[in-house]
Every structure is written in structure tokens, then in C-alpha cells.
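*Asks:* Have a look at this one.
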Amino acid sequence: MHYFRTLCAALVLFASPIDAANYTHSQLSEQAETFLANQLGHLDGDIQLTASSLDARMPARQCQQPLQFSLAGSQTPDRQATVQIECSDAEAPWRLFVPVRIQRMQNVVVAAHNLPAGHVISASDLSVNKVDVQQVRDSVFSQPDALIGARIKRRVGALQAIQARHTCFVCRGENITIITKVGNLHIQATGIARSDGLLGERIVVTNARSNKDVQGVISAIGEVTVSQ
């Protein structure tokens, strides 16, 4: 009996992958984040990655071969990516999928406090803060000066990134003043804006008297200048 127990113990010891590396949950998560960070190295901004917690019931993994990392499927990383970790041991191969949340943090102009619709923006309404631009649908601004004097079209909450769709110096459908420059002569007329725009942007407006569309540059709130 003693001989049988000794033989069994020897067989178990021989079968154990004594040179296999052990990987804890945190190590696997960190390596998934490191792999994804290398894939996203071309992106601007401060990239922050957070791997989802692995199932606590799952035991630590072992592998004799170097782990293989890849993006699962044919995905293009956006707000989230799934990293596939694979062990190619001949006797006990395994595969693990680790979801990783992606945040692309950049300094952008945000509302210093709640801004109601119709409010005209002043310097005290703005601040610069880091936000996840992956969560922003439209263009954002890096310089507060680009927004001073613009009108809020829809409510913007405190510390929310101010997007192009939130603001306008000239708003679509509103009555505006058309300034036509002919040499040193300035001719003033009324018109209707055909699109939204910020200071310095070119938009199309309709002259209310002639009913003709002309292109001009937004020169002030509710004002478009046309050069001839």
C-alpha cells in the first residue's frame, strides 16, 4: 500500500506543469490593458483603460507557453474592446475574453454652471476640464474664446462639454442682419439664416427683400457680412 501511494504521488508530480506560469485575475487584467494600450498608441489625448473584473469563481490560470493576445473578432476599438487571451499548451489549452472600457480624455471647454437655452455665453460661463471625448457626439472646443458671445440653443449642464450643436452666433431660421460691403460702402438688409454657425464661419442666408440666397461670414451675433 505504501508503495502504491508513493507511485501515485510520483505520477501526479510528474504530470504537473512545474514550469507553468501562474496568472492571477489582476495580472490577466493588467496584461489585457497593456496589450490594448499598445494598439491605441496612435490616438491623441490621455487614454485610460479599465478592464472588467473577472469572475471571482474562476481559479488562477496556468500556462507553460507565452500567452497570446489579440482583439476578439474583427472589432475596431471605440468605447470598449474585448481582448482575447489564449494559452496554447498542448495538454490544457484555454482561452479567456476580457472586456476593456476605453476613455479618451482631453481638455475641452465645459459649462462652469448650468446654461439655459437662449443664454449668451460670457467668459464666466466657461471653464476647461478633461472629459471623455468618446462620449461626445459632436465637435468640441479647446479654447473658450471661440464661444464667447455665442447663444445656447439647448440647455447645457454644469461641467458638460459644450458641443457645436449646443451653440450658434447665428441660428437657423432666425432673422438676421445682412451687411453687404461694396468698397467702403456698407449696405444693410434683413434676411433669414439657412443654417447654424459660429463666429467666422461661412453660411447661406436668404435676403428678405430679393428672396435670393447669398453666402456670407458670421461677423457678430445675428449678423452676416457679404463682400462683393
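*Asks:* Determine whether ILE152 is touching a His at 6+ places or on another chain (Cβ under 7 Å), within 30 Å of ARG104 (Cα to Cα) and modelled with pLDDT of 90 or more.
*Replies:* Answer is yes for this residue.
*Asks:* Would you say GLY197 is outside the structural domain of PRO116 (by TED's automatic domain parsing), under 28 Å from ASP132 (Cα atoms) and free of Cβ contacts under 8 Å to residues at least 40 places away in the same chain?
*Replies:* Details: outside the structural domain of PRO116 (by TED's automatic domain parsing): yes; under 28 Å from ASP132 (Cα atoms): yes; free of Cβ contacts under 8 Å to residues at least 40 places away in the same chain: yes.
Criteria met by GLY197.
*Asks:* Ok, one more. From the list LEU54, LEU67, pick out the single residue that is touching a His at 6+ places or on another chain (Cβ under 8 Å), more than 29 Å from VAL140 (Cα to Cα) and free of Cβ contacts under 8 Å to residues at least 60 places away in the same chain.
*Replies:* Values: LEU67 fails: touching a His at 6+ places or on another chain (Cβ under 8 Å).
Just one listed residue meets the conditions, LEU54.
*Asks:* Say we look at region 122-165 and pick out the residues that are of a type in the set (Asp, Glu) and not in a loop (DSSP other than H, G, I, E, B); which of these is surrounded by the most Cβ atoms within 10 Å (Cβ to Cβ)? Before you say what the answer is, go through the steps one by one.
*Replies:* To start, the set of residues in region 122-165 that are of a type in the set (Asp, Glu) comprises 125, 132, 138, 145.
When the remaining residues are screened for being not in a loop (DSSP other than H, G, I, E, B), the result is 125, 132, 145.
Values: ASP125: 22, ASP132: 18, ASP145: 11.
So the residue we want is ASP125.
*Asks:* State whether the residues of region 57-66 include one that is modelled with pLDDT of 90 or more, under 30 Å from the mean Cα position of the chain (by Cα) and surrounded by 12 or more Cβ atoms within 10 Å (Cβ to Cβ).
*Replies:* no
*Asks:* Within the group ALA32, ALA37, which residue is in a helix (DSSP H, G or I), over 30 Å from CYS171 (Cβ atoms) and in contact (Cβ under 8 Å) with a residue 60 or more places away in the chain?
*Replies:* Numbers: ALA37 fails: in contact (Cβ under 8 Å) with a residue 60 or more places away in the chain.
The match here is ALA32.
*Asks:* Scanning for something under 25 Å from HIS25 (Cβ atoms), of a type in the set (A, V, I, L, M) and buried (at least 17 other Cβ atoms within 10 Å of the Cβ), does region 100-121 turn up at least one residue?
*Replies:* The answer is yes, given that some residue of region 100-121 is under 25 Å from HIS25 (Cβ atoms), of a type in the set (A, V, I, L, M) and buried (at least 17 other Cβ atoms within 10 Å of the Cβ).
The values are calculated or read from the model by the stated rules, or taken from the named source; none is laboratory data. Quick caveat, the model's predicted, so the values are computed rather than measured. In this analysis, Cβ positions are derived from the backbone assuming ideal geometry, glycine residues included, and neighbour counts consider all displayed protein chains.
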